[in-house]
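What follows is a single structure, written as structure tokens, with notes after it.
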Amino acid sequence: MGVLSDQDQFVCDRCGNASPTVCERGRIDLMAKLCDGCWNKLANEMAEVDGATAAPRPDPDPNDVSWIEPPFCPRCGALVRVYPTNYDRWVSLATVELPAKDVPEAFRWRLTPLPTRSRIATDIVAVRVRGVDPLPSEPVVPAHRMMCVPDRDGP
């Protein structure tokens, strides 16, 4: 992980090429150094599997004090929460937490504050619950696509 080449550049852990674009990727340290091409391919594959296909939130102008409307699902019209994932893609989540026993494995997410030196969380990242199953009563945030019921009058 993070091997240096002869040209003092890091080597991509996936393809083995040395490139100036090789660096640690993701919002949470993934312990892997990847080039741009390998990172985009990996992140897009993960997003497709996880259903993280939401558009990013707009970046507000610091001088604009107008209200930013909360996002709505275009299929059902329900209010959603859009968060970045740990692999730099965006996911629409439900607005409520549910016990893990009520949410199928494929739709379980947790909201995790990014590690900072401050005790105040400055940004939150959505992380899929994998590996160790949560306790049945433990709260998780379901992906909105689990709860989405398309409006019959809509598209």
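Legend: translational diffusion of the chain by Stokes-Einstein, Rh = Kirkwood radius over C-alpha pairs, 4 °C, 1.567 mPa s; D = 73 µm²/s.
In a simple Cβ point-charge model (Lys, Arg +1; Asp, Glu -1; nothing else charged), the chain has a dipole of about 340 debye relative to its Cα centre. In this view, the solvent-accessible surface of Asp61, computed with a 1.4 Å probe and all protein chains in place, comes to about 90 Å². The Val132 and Asp102 beta-carbon pair, evaluated with R₀ = 22 Å, returns a calculated FRET efficiency of approximately 0.75. Computed over the chain, the per-residue total of -39500 (n - 2.57) for DSSP H runs of n ≥ 4 gives a 222 nm mean residue ellipticity of -3500 deg cm²/dmol, rounded to 500.
Taking N as the number of residues in the range 21-87, what value does Rg over Cα atoms divided by 2.2 N^0.38 Å take?
So the range 21-87 has a normalised radius of gyration of 1.42.
Counting only alpha carbon atoms, the long axis of helix 36-50 and the longest principal axis of the chain meet at about 30°.
The values are calculated or read from the model by the stated rules, or taken from the named source; none is laboratory data. From a predicted model like this one, the values you see are computed outputs, not experimental measurements. With ideal geometry, Cβ positions are generated from the backbone for all residues, glycine too; neighbour counts draw on all protein chains shown. The area values use the complete protein model at the heavy-atom level, side chains included, leaving out ligands, DNA and RNA. Shrake-Rupley method; radii C 1.70, N 1.55, O 1.52, S 1.80 Å.
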